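Student: I'd like to ask some things about the structure below.
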Amino acid sequence: MLETPEEITALHELMDRSYTGASAHLRDIVSGDRRLDAAGVLTATTGMRVLSLATVTAAGEPRISAVDGHFLHGTWTFGTAGASIKARHLAARPAVSLAYVDGERCGIFSHGYAHQLRPMDAQYAETIAHWAAHYGSDPTTWGPDVRLYRAELTWLVGYANSAD
């Protein structure tokens, strides 16, 4: 867990705003001890998590794919090849939805905007180091145009099945 106290507070506030603005249907399902707080999300997202990432085509159609996701500093980071269709979508339309679902045990759903990390970005070096420590090599060496993204989240809700 790399989150600062300020980032944990910001995540908690985002989750409260998201939950308050959610539909009654969602609040009925994600309620009581099933509703994750910021600490619960941080625990559930430790390590690499396979994310379902939805991007948007030029025609406004959603496209979903799976990516490796790492939750760092209160948000998702993920990667793809620069030649991928999702990279083209993200360059033109950065709106994304990201979901981590572990069967019925846990679900974390988020929306926001993905921004490609660049060497001049404040969290670039730390993100590359985190990914390299996890995979055993620098992800920027995996191909000619490997891109890492950081999501600027505007909405996040999580649940955990209290029976598990």
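Student: Under 25 Å from residue 56 (Cβ atoms) and either hydrophobic (A, V, I, L, M, F, W, C) or out of contact with any strand residue (DSSP E or B) (no Cβ under 6 Å at 6 or more places or on another chain) (or both): is that true of residue 97 in this structure?
Tutor: When the stated conditions are applied, residue 97 does not pass them.
Student: Hey, any hits in region 128-142 for a residue that's in a strand (DSSP E or B) and modelled with pLDDT of 95 or more?
Tutor: No: zero hits.
Student: State yes or no: is residue 101 in a strand (DSSP E or B), surrounded by 14 or more Cβ atoms within 10 Å (Cβ to Cβ) and at pLDDT 95 or above?
Tutor: Numbers: in a strand (DSSP E or B): yes; surrounded by 14 or more Cβ atoms within 10 Å (Cβ to Cβ): yes; at pLDDT 95 or above: yes.
Taking the combined requirement at face value, the residue satisfies it.
Student: How about region 108-125: which of its residues are surrounded by 13 or more Cβ atoms within 10 Å (Cβ to Cβ) and either among the charged types (D, E, K, R) or free of Cβ contacts under 8 Å to residues at least 60 places away in the same chain (or both)?
Tutor: Passing the criteria: 109, 110, 111, 112, 113, 114, 115, 116, 117, 121, 123, 124.
Student: If you don't mind, there's one more thing I want to ask. Give 154, 80 a once-over and let me know the one that is in contact with a helix residue (DSSP H, G or I) (Cβ under 6 Å, 6 or more places away or on another chain) and either at pLDDT 95 or above or not in a strand (DSSP E or B) (or both). Talk me through it step by step, then tell me what you get.
Tutor: Values: 154 fails: in contact with a helix residue (DSSP H, G or I) (Cβ under 6 Å, 6 or more places away or on another chain).
So the residue among 154, 80 that is in contact with a helix residue (DSSP H, G or I) (Cβ under 6 Å, 6 or more places away or on another chain) and either at pLDDT 95 or above or not in a strand (DSSP E or B) (or both) is 80.
Student: Applying the selection to region 91-130, what residues are more than 18 Å from residue 73 (Cβ to Cβ) and hydroxyl-bearing (Ser, Thr, Tyr)?
Tutor: Once the filter is applied, which keeps residues that are more than 18 Å from residue 73 (Cβ to Cβ) and hydroxyl-bearing (Ser, Thr, Tyr), region 91-130 yields only 97.
Student: Just checking, which of 75, 4 is surrounded by 15 or more Cβ atoms within 10 Å (Cβ to Cβ) and β-branched (Val, Ile, Thr)?
Tutor: That would be 75, the only listed residue that is surrounded by 15 or more Cβ atoms within 10 Å (Cβ to Cβ) and β-branched (Val, Ile, Thr).
Student: Return the residues of region 52-67 that are under 20 Å from residue 142 (Cα atoms) and buried (at least 18 other Cβ atoms within 10 Å of the Cβ); say none if nothing qualifies.
Tutor: Kept after step one, since they are under 20 Å from residue 142 (Cα atoms), are these residues of region 52-67: 65-67.
The one that is under 20 Å from residue 142 (Cα atoms) and buried (at least 18 other Cβ atoms within 10 Å of the Cβ): 67.
Student: Given the structure, is residue 145 under 20 Å from residue 86 (Cα atoms), touching a helix residue (DSSP H, G or I) at 6+ places or on another chain (Cβ under 9 Å) and either surrounded by fewer than 19 Cβ atoms within 10 Å (Cβ to Cβ) or among the small types (Gly, Ala, Ser) (or both)?
Tutor: yes
Student: Residue check, residue 58 against (1) out of contact with any Gly (no Cβ under 7 Å at 6 or more places or on another chain); (2) touching a residue at least 60 places away in the same chain (Cβ under 8 Å), all met but one. Which one?
Tutor: (2)
Student: Looking at 132, 81 in this structure, which one is in contact (Cβ under 8 Å) with a residue 24 or more places away in the chain and more than 26 Å from residue 26 (Cβ to Cβ)?
Tutor: Testing whether each residue is in contact (Cβ under 8 Å) with a residue 24 or more places away in the chain and more than 26 Å from residue 26 (Cβ to Cβ) leaves just 81.
The values are calculated or read from the model by the stated rules, or taken from the named source; none is laboratory data. The structure displayed is predicted, hence computed values, not measured ones. Positions of Cβ are backbone-derived with ideal geometry, glycine not excepted, and every protein chain shown enters the neighbour counts.
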